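Asker: Take a look at this one; I'll ask things after.
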Amino acid sequence: MRHDATYRFPFAAYPALRIMLLLMAGILLGRILSPSLFSSGLLFCAIFSFWLFFEFLIRKKWPATSGTVASLFYSLMIVSASLGLYSLTTIHKTETIETSETLNLYAWEEVEITGTIRSRGRSGSGRIVYETEVRKTEFPEGRSWNRPYKVRLYDGIHSDTEFSEGTKLTAIIRFYEFPERRNPHEFDYGGWLISRGFSAHGELSEVTEVEDRTHFGWGSIRSVVQRNADAIFDGEFSHLAKALLLGYKDDLNPETRQHFNRAGLSHIMAVSGLHVGFLVAPFWLIIPFLWGSKKGKWIGIILLTILLLLYAGLTGFSPSVSRASLMAWLLTYGKLFHKVRNSINLTAVAAIIILAINPSQLFEVGFQLSFAAVFIILLILPEAQRSIPKNYRYGFKGKLVMVVLVSFVVQLGLFPILAHYFNEFSIAGPVANALVVPLLSFTVPVGLGFVVFTPVYPPLFQAAAIPVQYSLEWIHGVADYFGGRTFSYITVDETQFLLFFVWLFAILFIASIRLPRYRWKMLIACLISLNLLFVELSIRNSNNQQLKVTFLDVGQADAVHIRTPSGKNLLIDAGRWSPMANSGERVLLPYFESKGIDRLDAVILSHPHADHIGGMPVLIENLEIDVIYQSDYSYDSNLYHTYMSLAAEKEIPIKYAYAGDLIDLDPTLRLFVVGPEKDAPRDRNPNNHSVAVKMVYGNTSFLFSGDAEVSQERQIASRYGDFLESDLYKVGHHASNTSSTEYFMQFVKPEITVASLAFRNQFGHPGNEAVTRLHHFSEKQKFTSLNGAVRFTSDGEKIQKVSWRN
């Protein structure tokens, strides 16, 4: 008899899973619709009324129909309740944004605050950071403001005094300008601040009054334990110990973080279920001695609660540890008291609790990775395990194979999320994890015990910690080896939306492989999604015949990346260099890395000023460059000589571009050089020897004139006249009054103009006269100082501005 033909999936056995999915649906609707709290409450009351009506008033007369309808309204009630919860969080977010806008009016000014330090940490650059709750603010004009808010303060005092959690102080601080995401590759620091309730960030200039220096709380306990780690482990390994055991990654340098990410080992520093499992494992060994009596059961659950609470507190109650601790507690409770222990349901319960406390967690990458990893393991691993031959499933070989298998399943299962958020995917992860994870079963519980109890007898614990130190050195070495090799990871430019559906149905198909009734449905859904993905990719590939032009925000400088229809990469100018700002390090190289670009087919440098060649040394040292086109104007500066020497060392051809030349880069477009003239009289101003280029793709055209000023613009216009007419004009000399002259613009007649400049600059750009001319001669004006990076595409028929912000 074939039972699978009539098999029904036991949805009733997964109530928490159903509630979790409904809760997520409501939060997603809240994100899309942004309803007010009043409308959400009204909707909930209406649905609740209908549910009461069908559940209690109609059930006796029509039990079957009313039961079905009541179940529907019960589901809608959960959705509407989560909608209301999300509306509550948006109210707080709106208040934070409004406060931020007010405080941003005082950017770079000093104000006096009175408040309490809630936590202390370090920034990526190593500066001490205090998260402070402000109660009172005194503004420069003498106005007092009693509105409470949170501010993230960087220590600008540079003294040996460090303030602990709970310290109440009165201080002079300088507000920084509230950060905006200026370029496509950049981390949205401003959004991150708002999501965590910070209305401002700034610098602690002077502390005028301090009280209540001693405060007992989780922050002070964490500080003590972190200092213990510094005491018993050497140098950089103490930083790794704090990251691995406590999730404190502030002391790790960016290179180490990158190596762990690329080696597929970043998860071991995001303390989660793996760490909680290693801590709870010894406790489970004593469970058989506890479940014999009721008192023993309660003693066991109380001890477990204390253990998990202490560890969650030491790690700052991160979502991953909170989720893992909840699951561990529920599993142990079920085992001790012989309750039902369904891992999928328990994971869903943990998600419900976290989302009920903070619905916005659904959109946090940590939450998504944490729960996705657990569900992937629960759904796929049992089937994957069956593929291992029986003689390899058990014993040491079996454990090693399982470590590799778990890592492979999780890494592959998380591919869409990792690719979407980080644009990189580790392919060395399974091997690296096989070399590291077995050690963690010793390193995590033993290392944590040492850093907690070191003060009892420091010499003993310092000596005993030597094996843990060796373990940390091994882990660090594995991460460095794999993370430092280009073969260990791949770069993903962008992910397609339908890929997530393919991913979801593929997981469900594997999970239901032994349930014929469902596996074929999941397979069909997966294949449909896959076909739709191919359609999307085909459309995208046809769009790849587009020309993409990105004006990067490099402050008071120029840098334009052009992606040609044939996939060639051209850079026009390379941003600025100053002792405090290098566009190559801060903007260009990270941007190209995020796009997976390791080669530039050509670079055009308009002229040798530092705001146009600033990033070249960094780019030459880190990217392959086929050829550099530049002005023949020789310039006497260290920066100019440095990049010329580096280009010679790397054997990069440097060609001088003159009016009348045609740059051969891509057969689908034409690059006409319209300036400078080859035999033009030498001008003392390099701006008037700028390489100016007109780019034509199909029926669309772009004009780039560098920093050409009055004399060169007149020269170009006199020679080329109406040929200069272009759809888009990159405004000359950062919208200075000495460029974009009326005589020149009457020939260009652009529809769109783009000016690259800093919002605050010493030159007074943009000039009022230049702005007036731009408005007169063009329909649309864009300024990187106002808009950040600006991106356009052309299909050969029309130019469109496209948004790079998610």
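Asker: Two decimals is fine: what is log10 I(q)/I(0) at q = 0.11, 0.16, 0.20 Å⁻¹ for the stretch 478-625, from a Debye sum with one equal scatterer on every Cα and no solvent?
Answerer: The calculated log intensity ratios at q = 0.11, 0.16, 0.20 Å⁻¹ are -0.62, -0.92, -1.13.
Asker: Given the peptides 516-527, 232-243, arrange them by the average over their residues of other C-beta atoms within 10 Å, most packed first.
Answerer: Most protected by this proxy first, the peptides run 232-243, 516-527.
Asker: Right, next: Quick one: how many Å² of residue 134 are accessible to a 1.4 Å probe, rounded to 10?
Answerer: 0
Asker: I would also like to ask the following. Could you put 501, 702, 73 in order of accessible surface area, largest first, with the 1.4 Å probe and the full protein assembly present?
Answerer: Greatest to least solvent exposure: 501, 73, 702.
Asker: Another one. Any idea what % of Cα-Cα pairs in the stretch 10-106 are farther than 17 Å?
Answerer: 60
Asker: Here's another thing I want to ask about it. Ordering 168, 60, 390 by accessible area with a probe of 1.4 Å, largest first, what comes out?
Answerer: 60, 390, 168
Asker: Straight-line reach only, C-alpha to C-alpha below 27 angstrom: list the lysines that residue 335 could link to, leaving out same-chain residues fewer than 8 apart.
Answerer: Candidates past the 8-residue exclusion: 294, 295, 297, 399.
Asker: Quote to one decimal, in nm, the extra length available between residue 537 and residue 107 on full extension: 0.36 nm per residue of separation minus the C-alpha distance between them.
Answerer: Values: separation 430, 0.36 × 430 = 154.80 nm, distance 4.50 nm.
Value of the extension gain: 150.3 nm.
Asker: Okay, moving on. Mind jotting down the distance between the C-alpha centroids of the stretch 588-603 and the stretch 516-561, whole Å?
Answerer: First find each Cα centre; the distance between them is then 20 Å.
Asker: Relative to the longest principal axis of the C-alpha atoms of the chain, give the angle of the C-alpha long axis of helix 319-336, reported between 0 and 90° and rounded to the nearest 10°.
Answerer: 10
Asker: Continuing with the same structure: So what's the angle, to the nearest 10 degrees on a 0 to 90 scale, between helix 429-453 and the longest Cα principal axis of the chain?
Answerer: Rounded to the nearest ten degrees, it is 70.
Asker: Calculate how large, on average over all directions, the projected area of the Cα convex hull of the stretch 163-310 is; give the answer in nm² to one decimal.
Answerer: 13.7
Asker: If you roll a 1.4 angstrom probe over the protein chains with everything in place, what fraction of the accessible area of the chain belongs to carbon and sulfur, to the nearest %?
Answerer: The value for the chain is 60 percent carbon and sulfur by accessible area.
Asker: Cα axis of helix 63-103 to longest principal axis of the chain: angle in degrees, 0 to 90, nearest 10?
Answerer: Computed tilt is about 50 degrees.
Asker: Suppose R0 equals 60 Å; then what is the FRET efficiency for residue 384 and residue 762 from their Cβ-Cβ distance, rounded to the nearest 0.05?
Answerer: Calculated transfer efficiency: 0.45.
Asker: By average Cβ neighbour count within 10 Å, what is the ranking of 81-87, 715-721 from highest down?
Answerer: Output ranking for 81-87, 715-721: 81-87, 715-721.
Asker: Would you mind listing how long the stretch 398-466 runs along its three principal axes, going by Cα atoms, in whole Å with the largest first?
Answerer: That gives 48, 32, 13 Å along the principal axes, largest extent first.
Asker: Out of the DSSP beta bridges found with both residues in the chain, what percent are antiparallel (nearest 5)?
Answerer: Antiparallel: roughly 70 percent of the beta bridges in the chain.
Asker: Quick one: what Rg and Dmax do you get for the stretch 570-727 from the alpha carbons, in Å?
Answerer: When restricted to Cα atoms, the stretch 570-727 yields Rg and Dmax of 15.5, 43 Å.
Asker: Mind ordering 643-652, 221-230 by average Cβ neighbours within 10 Å, highest first?
Answerer: Final packing ranking: 221-230, 643-652.
Asker: Using a 1.4 Å probe on the protein heavy atoms only, what accessible surface does residue 450 show? Give it in Å² to the nearest 10.
Answerer: Here the accessible area works out near 30 Å².
Asker: So how do 738, 170, 486 rank on accessible area, 1.4 Å probe, biggest first, that is with the largest at the start?
Answerer: Largest accessible area first, the list is 486, 738, 170.
Asker: Let me ask something else. At q = 0.20, 0.22 Å⁻¹, what log₁₀ I(q)/I(0) does the stretch 315-388 have when each alpha carbon counts as one equal point scatterer in the Debye sum?
Answerer: -0.89, -1.01
Asker: Taking each pair of distinct Cα atoms in the stretch 569-623 once, what is the resulting Kirkwood hydrodynamic radius in Å? Working shown, then result.
Answerer: Values: mean 1/r = 0.0909 Å⁻¹.
It is 11.0 Å.
Asker: Counting just the Cα atoms, what span does the stretch 84-178 cover along each of its three principal axes? Round to the nearest Å and put the largest first.
Answerer: The principal-axis extents, from largest down, are 46, 33, 24 Å.
Asker: While we're on this one: Give me the one-decimal nm value for the distance between modelled label points at residue 363 and residue 89, 7 Å along each residue's Cα-to-Cβ direction.
Answerer: 0.8
Asker: Is there a pair in 548/730; 595/798; 548/782; 568/595; 548/655; 150/242 whose C-alpha atoms are over 22 Å apart, and which pairs would that be? Display every interim value, and only then the final one.
Answerer: Values: 548/730 14 Å; 595/798 25 Å; 548/782 16 Å; 568/595 13 Å; 548/655 25 Å; 150/242 26 Å.
From the list (548/730; 595/798; 548/782; 568/595; 548/655; 150/242), the Cα-Cα distance tops 22 Å for 595/798; 548/655; 150/242.
Asker: Using 0.36 nm per residue, how much length does the chain from residue 170 to residue 515 gain when fully extended, once their Cα-Cα distance is taken away?
Answerer: Working it through step by step, the gained length comes to 117.6 nm.
Asker: On to the next question. Using a 1.4 angstrom probe, figure out how much accessible area the chain has per residue, in square angstrom, rounded to the nearest whole.
Answerer: On a per-residue basis, the chain sits at 48 Å².
The values are calculated or read from the model by the stated rules, or taken from the named source; none is laboratory data. This is a predicted model, so every value here is computed, not measured. Counting neighbours? That spans all protein chains shown, and the Cβs are built from the backbone with ideal geometry, glycine included. Side chains are part of the model used for accessible areas, which takes the heavy atoms of the whole protein and leaves out ligands, DNA and RNA. Shrake-Rupley method; radii C 1.70, N 1.55, O 1.52, S 1.80 Å.
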